[in-house]
Amino acid sequence: MTSHPSHAHEHAHQLVPSDPALRVKALESLLVEKGLVDRAALDALIDTYEHKIGPRNGARVVARAWTDPAYKQRLLTNADNAIAELGYGGMQGEHMVVVENTPKVHNLIVCTLCSCYPWAVLGLPPVWYKSAPYRSRSVLDPRGVLREFGLELADDVEVRVWDSTADVRYLVLPERPAGTDRLSEGELAALVTRDSMIGVAKVPAPVQERHR
Amino acid sequence: MNGVHDMGGMHGMGPIQHEKNEPVFHERWEARAYGLSLAMGCFGKWTLDALRHQIELIPPADYLSMSYYEKWIAALVELMVKTNLVTRAEVETGKAALGSPKMSPALTPDGVGPMVGRGAPANRDVPATPRFQRGQRVRARNLNPAGHTRLPRYVRGKSGAIQRDYGVFVFPDTNAHERGENPQHVYSVRFTARELWGEQAPAKDSVYVDMWESYLEPA
């Protein structure tokens, strides 16, 4: 993983200081005054995406697929139904397709035109996913993009980039790391990172296992 | 439209800035902007395609310099003004016009769960004979509409192979402009990296693009 240039990020935020904050506050007040918006509904919606719907959902799907071959088969052939088995689905996950990483195939998800992302299993996308650098170069130079994330792929690995131009939302089923045979489904889910389900990283092997 | 949003294949946008332990929202106004956009969308006055197009209409220099949720708010204001939910004067003053009627919110707290859980499927259960079959060679048409399209520039005129037929979906190019849903088959089309970027691209690599039937012709 590349170290994050946090100063650059903070700088980007300082360029637009409190102005949008004031504008959004004024807009919310106006819409509440006109009866168009219920503040409690906004609170509930925000809470849903801050605390209930996020990459832990996708991690459970991945861990189930790693431990249950029949589930994995269902996931790869009819992702909507398989994901619904775990209670997930709905907004920005209405039409899901899961693509499997193997030692010879590496999948990467992008939306070059805007910010399409599988909310139902990964929550809202990180800033870098929505940013011009990622959107512009992922289709042109995916191996270079992966190197920026610290992932160097061998030449004989086939790279498949999925540009989310329509209504299908993609999820990468990452490779199960070595040394995890004895882990439970729950322990496996804890290993699965958001980035591995976008395809910009592999799932790291568990730290304890390395020491054994 | 051939806007700056259609940036697949461009150079010069700088390094990717990955942030460790990134929060869902960096500031509270981002969360409120997100909530407002979805709540106002519930009035059904515009489609998601229209919202995407409104964001594309942000002038290129602004598009590249504004943060994500600033763009959402800019597009939301334009759509609310266009559909008479608010007036520009109200947005500028932050006060409801004198004597304007009190409305009822389209999104209530009880409505959040069902909205999130149901989503808004874009497929349509209408009979449509697919024009293309799996494995068939196709070419992305060289279309340059001034309005909304989901046909990225980097595939126009390029040849690929139909990988999968996803079924029948609402067509954004017409739906964004209130010219009807025009539902049609959407295909996953595989383009080799060499077809898109030339001989120096790795031989095995490819890009899969989801394409409405209107974007394709037999190769």
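Every number in this text was worked out from the coordinates using simple rules, so none of it is lab data. Since this is a predicted model, take the numbers as computed values, not measurements. No Cβ is skipped: glycine too gets one built from the backbone with ideal geometry, and neighbour counts run over all protein chains shown.
Cysteines of the protein assembly as shown lacking any other cysteine Cβ under 4.7 Å from their own Cβ: A:Cys114, B:Cys42. Peptides B:176-189, A:125-138 ranked from most to least packed by the mean count of surrounding Cβ atoms within 10 Å: A:125-138, B:176-189. Between B:Asp110 and B:Arg190, the contour length at 0.36 nm per residue exceeds the alpha carbon distance by 24.5 nm. Between B:Leu64 and B:Leu98, residue separation times 0.36 nm minus the direct Cα-Cα distance comes to 8.5 nm.
Which entries in A:Lys52/A:Lys72; A:Lys34/B:Lys82; A:Lys25/B:Lys102; A:Lys52/B:Lys45 show an alpha-carbon gap greater than 26 Å? Could you put the intermediate results ahead of the total?
Working: A:Lys52/A:Lys72 24 Å; A:Lys34/B:Lys82 17 Å; A:Lys25/B:Lys102 20 Å; A:Lys52/B:Lys45 28 Å.
In this structure, A:Lys52/B:Lys45 lie more than 26 Å apart at Cα.
Summarising the label geometry, the points placed 7 Å from Cα in the beta-carbon direction at B:Ala89 and B:Asn21 lie 5.1 nm from one another.
Residues with beta-carbon under 14 Å from that of B:Ala122, excluding B:Ala122: net charge, scoring Lys, Arg +1 and Asp, Glu -1? The partial results should precede the final answer.
Details: positive: A:Arg169, B:Arg52, B:Arg118, B:Arg124, B:Arg150; negative: A:Asp80, A:Glu94, A:Asp167, B:Asp49, B:Asp125, B:Asp173, B:Glu181, B:Asp210.
With Lys, Arg at +1 and Asp, Glu at -1, the net is -3.
When only Cα pairs below 8 angstrom with a gap of at least 6 residues are kept, chain A shows a relative contact order of 24 percent.
Maximal additional length on extending the B:Arg118-B:Arg131 stretch stands at 1.6 nm, based on 0.36 nm per residue less the C-alpha distance. Just so you know, the Rg over Rh for segment B:28-129 is 1.01, from Cα atoms, with Rh as the Kirkwood radius.
Using a simple charge model, +1 on the beta-carbon of Lys and Arg, -1 on the beta-carbon of Asp and Glu, nothing else, what dipole does chain A show about its Cα centre, in debye to the nearest 20?
Details: 24 positive and 27 negative charges, 37 e Å.
The dipole of chain A has a size of about 180 debye.
If R0 is taken as 30 Å, the Cβ-Cβ distance between B:Ser37 and B:Leu143 corresponds to a FRET efficiency of 0.55.
Relative contact order (percent) for chain B, with alpha-carbon contacts under 8 angstrom and 6 or more residues of separation?
Details: 277 pairs, mean separation 41.7, N = 219.
Here the relative contact order equals 19 percent.
Rounded to the nearest 0.05, what FRET efficiency do A:Glu152 and A:Arg56 have when you use their Cβ-Cβ distance and R0 = 25 Å? Efficiency, rounded to the nearest 0.05: 0.35. Taking every residue in B:197-210 and counting other chain Cβ atoms within 10 Å of its Cβ, the average works out to 6. Straight-line cross-link partners of A:Lys202 among the lysines, defined as a Cα under 16 Å from its Cα and at least 8 positions apart when in the same chain: A:Lys104, B:Lys20. Taking a point 7 Å out from the Cα of A:Ala178 in the direction of its Cβ, the residues of segment A:60-103 whose backbone N falls within less than 19 Å of it are A:101-103.
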